[in-house]
There are 4 protein chains.
Amino acid sequence: MIKVGIVGATGYTGVELLRLLVAHPNVEIAAVTSRSEAGKLVSDYFPNLRGHLDLAFTDPSFDQLAHCDVVFYATPHGVAQSQVAELINRDVRVIDLSADFRIRDVELWEKWYNQPHGSPELVGHAVYGLPERNRDAIANAKLVACPGCYPTASQLALLPLIENGLVDTQNLIVNAASGVSGAGRQGKVANLFAEVADSFKAYGVAGHRHLPEIEQGLNDAQSDNDDAVKLTFVPHLLPMIRGIHATAYATLKDTSVDLQALFESRYENEPFVDVLPAGSCPETRTVKSTNICRLSVVRPQDRDTVVVMSVIDNLTKGASGQAVQNLNIMFGLPETQGLEQVALIP
Amino acid sequence: MIKVGIVGATGYTGVELLRLLVAHPNVEIAAVTSRSEAGKLVSDYFPNLRGHLDLAFTDPSFDQLAHCDVVFYATPHGVAQSQVAELINRDVRVIDLSADFRIRDVELWEKWYNQPHGSPELVGHAVYGLPERNRDAIANAKLVACPGCYPTASQLALLPLIENGLVDTQNLIVNAASGVSGAGRQGKVANLFAEVADSFKAYGVAGHRHLPEIEQGLNDAQSDNDDAVKLTFVPHLLPMIRGIHATAYATLKDTSVDLQALFESRYENEPFVDVLPAGSCPETRTVKSTNICRLSVVRPQDRDTVVVMSVIDNLTKGASGQAVQNLNIMFGLPETQGLEQVALIP
Amino acid sequence: MIKVGIVGATGYTGVELLRLLVAHPNVEIAAVTSRSEAGKLVSDYFPNLRGHLDLAFTDPSFDQLAHCDVVFYATPHGVAQSQVAELINRDVRVIDLSADFRIRDVELWEKWYNQPHGSPELVGHAVYGLPERNRDAIANAKLVACPGCYPTASQLALLPLIENGLVDTQNLIVNAASGVSGAGRQGKVANLFAEVADSFKAYGVAGHRHLPEIEQGLNDAQSDNDDAVKLTFVPHLLPMIRGIHATAYATLKDTSVDLQALFESRYENEPFVDVLPAGSCPETRTVKSTNICRLSVVRPQDRDTVVVMSVIDNLTKGASGQAVQNLNIMFGLPETQGLEQVALIP
Amino acid sequence: MIKVGIVGATGYTGVELLRLLVAHPNVEIAAVTSRSEAGKLVSDYFPNLRGHLDLAFTDPSFDQLAHCDVVFYATPHGVAQSQVAELINRDVRVIDLSADFRIRDVELWEKWYNQPHGSPELVGHAVYGLPERNRDAIANAKLVACPGCYPTASQLALLPLIENGLVDTQNLIVNAASGVSGAGRQGKVANLFAEVADSFKAYGVAGHRHLPEIEQGLNDAQSDNDDAVKLTFVPHLLPMIRGIHATAYATLKDTSVDLQALFESRYENEPFVDVLPAGSCPETRTVKSTNICRLSVVRPQDRDTVVVMSVIDNLTKGASGQAVQNLNIMFGLPETQGLEQVALIP
């Protein structure tokens, strides 16, 4: 059994990790830390876990974490970068769900996150945990930086086009919408039920922190001598708890390509990417609670704009599910282990 | 592997059965019938099943069903009663999710369902599939009548009080609320999103078909020489997809009883009934997608009215999950097999 | 024009008052106070008021309020009781939407609100602002204590029965459900969208602060020599923003009374109470944004339990609309002035 | 008083018209027709109208409608085109909320609506009822074709850019999302609460009927010798009842223009278009139940893509409110008469 620790388990990615890990056949949950809830039974705090987990939160302690095989950080940005070096030195592998190690350019990170980086020397050792791009590197990584939710949906939508140089990368658009759980579990007026239920709005239009991450991922996917991609990214807030829908727009250089075949071929061996039949549109409900990304591609009116629709559960494939997928890869397990949930309909 | 057939799989209890059975380790889905969708891939119809089920709907045919070990009826009332006799004669066991065999008094059934019963001779052979009452009979049953959703939540709330003769049974109240999926998958204006989202109302106040079923169950639980129970049952429609919350009120004959201990003791060996610690209130979200019923009991202001709160997922413990629980019992499997889902938070 | 001030206008009852008062033909909004938002345009804070109100929040100042004809307190409990004496001395009339002056028994108030009362000498001068009971006293009041939301829905449901001595008052039940806006506009985790959307639960079962208020109102309505009423009150939290639904249960002493006629007659001259035709159930959506209470009464299975269903908008008839109704009465205006909104369907 | 008739009042645009017209000071509702509900009180059918309208549905009859000053068609496409010629001959003015007369090119209409047009000779006489473009023509029109909901939100977003030739019109994108009420009040499985609540998806990606209408409106706004605009239009379905949010993307020919000033200036005299301060994002809730369109314009990362966000209530500014605005213009009333509702927050 792989001994895992979870730092910051009282947030939404934390409890989602717990949901997945209590049912994972190869995992033993050894430590669940929370400064504020130390001593309290996890299942008293999250009653969906009653009967599934008999463990109390503990104060974060290096000693306890150092006995784990792998530690997940489900913390706000800034926490992991101040703690993981020591764990890695002790050969504990780290899967970070926060933004701390996602961006390789430390200056760029510091600009968007508006604070100095706490362990810049580690950034180069982190592997960006998008298995559909970096599976091999993940397998051997000491430190995996799990992608953000929007970046996961957006990159999976655009990669087949970018990797094959099929679209104008100076004029990409991702219009995305996320459920409210993406905003985290802090008690903010802006995320009260009475504020966001029954409404829809864009936010972060002037610049969302996931923009440089998406652009980095797309740049990595194109050939080296291309100009850096330019993406317009507009996120919106949905009156739902979970789910991300990204609608990506790009201008085709060549309209003769069979887009459906291209997408099917790109993802045919990917266990968690499902290209829908031509003519379908993916619904977020079909991926809720699962690690799956569903995609559709279409070229409306046979013009030169291609539209790709991409849906994920922001807390699963967009966070904790992808983290478990990375754990499976890192420890040589079948990649779908513990991740075969079926979404609810209705 | 147990070969199962599902009749009427295009409805909500049908797709919920499919969700549970595709992940059940001892089951092989042999036939999924639908007159209207015959020939279509089930996973094209319900895309949450993509990758989990590679089977097309077929026209209902006796021959195909007769080769199953057990057939589920997930049909509107009236269908199972016209078909199951022949299957039972062929030693195919039947688990009926409809109301056809729930009420032992055929006249009472005909009054509430407003039609003649199609196989009154079978009614006496049916076992009412509430495992918490009838586990042994279910194990040997040829025909199991799965309880309705409200009756499941209501009986589990009141049984400990009734079985022990602790309350006045002439004055019981169950105030219940259900998600909209309980109304089924017919295209009715009354169940459109734009009609029921953002509103709340009672319905069926003058008399809901689940009333005689609940009263029958409670009568069975009290001693024979007591007067028939009198229940006021008021259901309400919640702007949610899934979930039932029942709030039961009864007048205690004796206020000295330790209600918390009574409930904990009654259900301590029940794998799917979870009595919450004193002072808690159950939330429907903690049982969504699971087969669990969570209960709380309280005596407000130390007066003589006891209040029991009971939550289930109407499509799981209130229908298809309980049907699978009954299958496990009928075929000698561990009762929780295939039913260990963890609810989502958030 | 009546000059009005609003203290505490950044909360939900505050913005609802503003919505109603900007359209009220006899009112001039003279002061809108908020310590935290002083200097900010109200319509920048609440963009639904853009084009309707050109006023900034000001720091609460006695001088400014003292020039008003009437001041509304839309503050948490504890605030009005520390401020209103001075205003009343200056002949400014006060309409308090908080709980400060609702309960005549100061000790009872202090017990339920768990703090000493700040101006007990004023409590006896306050008029309980339920127009359907106290219209004449309201007309001449200096200080009106607007009823709570649950108490409004509950009393209007039960008054016709209690006033006429038709039911056993030792065994009353109100099972109620409220939209989340009733919990106010503080940034609490418990009221986040991701916590309460898609779930339903009871709360405050052991004792909610509205219980003594409802019991006081019902006691006032029965004859003096009756025993104090005993009410079991169980509130629930609905995944909706606005709306209260109360389902009241009582045991009839005499089942021969024509309940429909009784209710219609009791409320026939009430502009804001609408008794639905027999056989209907009220929907919260039909009163959303309006000052109307809709009622239905039924006696299921012709037994001796009467069920009354009552719906209001918790922020309108349950708070700010009723406050404006009281203003109309206090200033001799038509009672429906500014309160003739039509609810949305759909 | 203006005598109005409403044909097809049992749908969502019909009941929305009724909500607005019962409160309109210059209007008398003379006829409300419905074949299926003839004889029934309108307020029994739509209980939000209890106390506001004392009229029964009648069978549609030419004689009754011919005595009106103006008749609204709130019918599916195909109905108005078969009836209005006769009314217009009798000098009854017609405001059609359906798609029948929106598109001037009859062949184009027949292609997208897949049926022959019933009165092509009238198409040229119809005025497209977008007051922000056609106010003068509307004033004198016999027949007004009210714009669709998406076209209203989309054109108001893009007009300032197109009218001034500031963007590349060969590459426009409108990514829009609508509440479910836009799908109408037919009892279809696809629009059941249990199907669309808690999910989000695109639809009609290959070609939505509002596309040619939007393109026509944008073509009208550019100079005659420009190429016809090419728009990619992707609508999505929101789990809300009301509200449209359009996010429009265009490539600027010149990035030096002051976009905020341009939009403010274009709409400064428009009573129902509100350009938000720079840095804001419009929320659909702030326009719900109102006739207002709120807009924000932004140029992310100072690149050459401009993003315009536009929100309306699809049933008000997107249908019935705009129809009443047109009535006000046609009959020389203040344009905001009866249309000054304040949206709810929360």
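The residues of segment D:220-234 that are more than 10 Å from chain A (Cβ to nearest Cβ) and touching a strand residue (DSSP E or B) at 6+ places or on another chain (Cβ under 7 Å) amount to a single one, D:Val229.
Among the conditions (1) under 30 Å from D:Leu192 (Cβ atoms); (2) in contact (Cβ under 8 Å) with a residue 40 or more places away in the chain; (3) assigned to a loop (DSSP other than H, G, I, E, B); (4) within 22 Å of the chain's Cα centre (by Cα), B:Val234 misses just one, which is (3).
The condition of being without any contact (Cβ under 8 Å) to a residue 24 or more places away in the chain and closer than 21 Å to D:Pro212 by Cα holds for D:Asp224. On the stretch given as segment D:254-272, residues that are crowded, with 17+ Cβ neighbours inside 10 Å and of a type in the set (Ser, Thr, Tyr) total 1.
Per the listing D:Asp227, D:Asp198, the residue uniquely in a loop (DSSP other than H, G, I, E, B), in the same structural domain as D:Val167 (by TED's automatic domain parsing) and under 29 Å from B:Phe193 (Cβ atoms) is D:Asp198.
Within the option set B:Ala137, B:Ala126, being touching a strand residue (DSSP E or B) at 6+ places or on another chain (Cβ under 6 Å) and either charged (D, E, K, R) or more than 19 Å from B:Gln222 (Cβ to Cβ) (or both) holds for one residue only, B:Ala126.
Screening segment B:273-346 for strands (runs of 3 or more DSSP E) wholly inside it with 2 or more residues that are open to solvent by less than 10 Å² (accessible area, probe 1.4 Å) and of a type in the set (A, V, I, L, M, F, W, C) returns the ranges B:293-298, B:305-312.
Listed here are the residues, each with its yes/no results for (1) in contact with a Cys (Cβ under 6 Å, 6 or more places away or on another chain); (2) open to solvent by less than 20 Å² (accessible area, probe 1.4 Å).
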| residue | (1), (2) |
| --- | --- |
| B:Val70 | no, yes |
| B:Pro76 | no, no |
| B:Val123 | no, yes |
| B:Gly129 | yes, yes |
| B:Pro160 | no, yes |
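Tallying residues that are facing chain B (nearest Cβ under 7 Å), charged (D, E, K, R) and touching a strand residue (DSSP E or B) at 6+ places or on another chain (Cβ under 6 Å) within segment C:196-219 yields 1.
Is it the case that C:Thr290 is modelled with pLDDT of 95 or more and over 13 Å from C:Lys317 (Cα atoms)? Judged against the criteria, C:Thr290 is not a match. Based on what the data block shows, is B:Glu28 acidic (Asp, Glu) and either within 22 Å of B:Cys146 (Cβ to Cβ) or in contact with an Asp or Glu (Cβ under 8 Å, 6 or more places away or on another chain) (or both)? The answer is yes for B:Glu28.
Condition first: part of a strand (DSSP E or B) and closer than 19 Å to D:Leu161 by Cα. Can you find one or more residues in segment D:256-272 that meet it? Checked segment D:256-272: no residue is part of a strand (DSSP E or B) and closer than 19 Å to D:Leu161 by Cα. A single entry from C:Pro131, C:Pro120, C:Pro60, C:Pro47 fulfils the requirement of being more than 28 Å from D:Lys288 (Cα to Cα) and in contact with a Ser or Thr (Cβ under 6 Å, 6 or more places away or on another chain): C:Pro60.
Here's the yes/no breakdown for (1) facing chain D (nearest Cβ under 10 Å); (2) at positive phi; (3) free of Cβ contacts under 8 Å to residues at least 24 places away in the same chain; (4) not aliphatic (A, V, I, L, M):
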{"residue": "A:Glu270", "(1), (2), (3), (4)": "no, no, no, yes"}
{"residue": "A:Asp274", "(1), (2), (3), (4)": "no, no, yes, yes"}
{"residue": "A:Ser280", "(1), (2), (3), (4)": "yes, no, yes, yes"}
{"residue": "A:Ser289", "(1), (2), (3), (4)": "no, yes, no, yes"}
{"residue": "A:Leu295", "(1), (2), (3), (4)": "no, no, no, no"}
{"residue": "A:Asp304", "(1), (2), (3), (4)": "yes, no, no, yes"}
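Any residue at all in segment B:82-92 that's in contact with a strand residue (DSSP E or B) (Cβ under 8 Å, 6 or more places away or on another chain), farther than 22 Å from B:Ala145 by Cβ and surrounded by fewer than 22 Cβ atoms within 10 Å (Cβ to Cβ)? No: segment B:82-92 contains no residue that is in contact with a strand residue (DSSP E or B) (Cβ under 8 Å, 6 or more places away or on another chain), farther than 22 Å from B:Ala145 by Cβ and surrounded by fewer than 22 Cβ atoms within 10 Å (Cβ to Cβ).
Taking the criterion of being touching a Leu at 6+ places or on another chain (Cβ under 9 Å) and open to solvent by 10 Å² or more (accessible area, probe 1.4 Å), the residues of segment A:44-62 that qualify are A:Pro47, A:Arg50, A:His52, A:Leu53, A:Asp54, A:Leu55, A:Ala56, A:Phe62. Candidates D:Asp54, D:Asp91: the one that is more than 17 Å from D:Leu18 (Cβ to Cβ), assigned to a loop (DSSP other than H, G, I, E, B) and over 23 Å from the mean Cα position of the chain (by Cα) is D:Asp91. Considering each residue of segment D:226-244 in turn, none proves to be open to solvent by less than 10 Å² (accessible area, probe 1.4 Å), acidic (Asp, Glu) and more than 14 Å from D:Leu172 (Cα to Cα). Looking across segment D:176-195, the residues that are of a type in the set (A, V, I, L, M) and more than 9 Å from chain A (Cβ to nearest Cβ) come down to D:Ala176, D:Val180, D:Ala183, D:Val189, D:Ala190. When the test is whether a residue is open to solvent by 10 Å² or more (accessible area, probe 1.4 Å), of a type in the set (Lys, Arg), out of contact with any Pro (no Cβ under 6 Å at 6 or more places or on another chain) and assigned by TED's automatic domain parsing to the domain that holds B:Val257, B:Arg102 does not pass it.
Might you check whether a residue that is farther than 25 Å from D:Glu16 by Cα and open to solvent by 10 Å² or more (accessible area, probe 1.4 Å) occurs anywhere in segment D:145-158? Among the residues of segment D:145-158, not one is farther than 25 Å from D:Glu16 by Cα and open to solvent by 10 Å² or more (accessible area, probe 1.4 Å), which makes the answer no.
Consider C:Asn171 carefully, then state whether it is surrounded by fewer than 24 Cβ atoms within 10 Å (Cβ to Cβ) and over 14 Å from the mean Cα position of the chain (by Cα). Against the criterion (surrounded by fewer than 24 Cβ atoms within 10 Å (Cβ to Cβ) and over 14 Å from the mean Cα position of the chain (by Cα)), C:Asn171 qualifies. Please indicate, with yes or no, whether at least one residue in segment D:329-336 is within 22 Å of D:Gly8 (Cβ to Cβ) and out of contact with any Cys (no Cβ under 9 Å at 6 or more places or on another chain). Scanning segment D:329-336, I find at least one residue that is within 22 Å of D:Gly8 (Cβ to Cβ) and out of contact with any Cys (no Cβ under 9 Å at 6 or more places or on another chain), so the answer is yes. Out of the residues in segment C:201-224 that are out of contact with any Pro (no Cβ under 9 Å at 6 or more places or on another chain) and part of a loop (DSSP other than H, G, I, E, B), which is most open to solvent (accessible area, probe 1.4 Å)? Result: C:Asp224.
Just one residue in the set A:Ala38, A:Ala66, A:Ala30 is under 18 Å from A:Lys142 (Cα atoms), open to solvent by 10 Å² or more (accessible area, probe 1.4 Å), among the aliphatic types (A, V, I, L, M) and touching a residue at least 12 places away in the same chain (Cβ under 8 Å); that residue is A:Ala66.
The values are calculated or read from the model by the stated rules, or taken from the named source; none is laboratory data. A quick note: this is a predicted structure, and the numbers were derived from the prediction, not measured. Using ideal geometry, Cβ is built from the backbone for each residue, glycine included, and neighbour counts are taken over all protein chains shown. Ligands, DNA and RNA are excluded from the accessible area calculation, which covers all protein heavy atoms including side chains. Shrake-Rupley method; radii C 1.70, N 1.55, O 1.52, S 1.80 Å.
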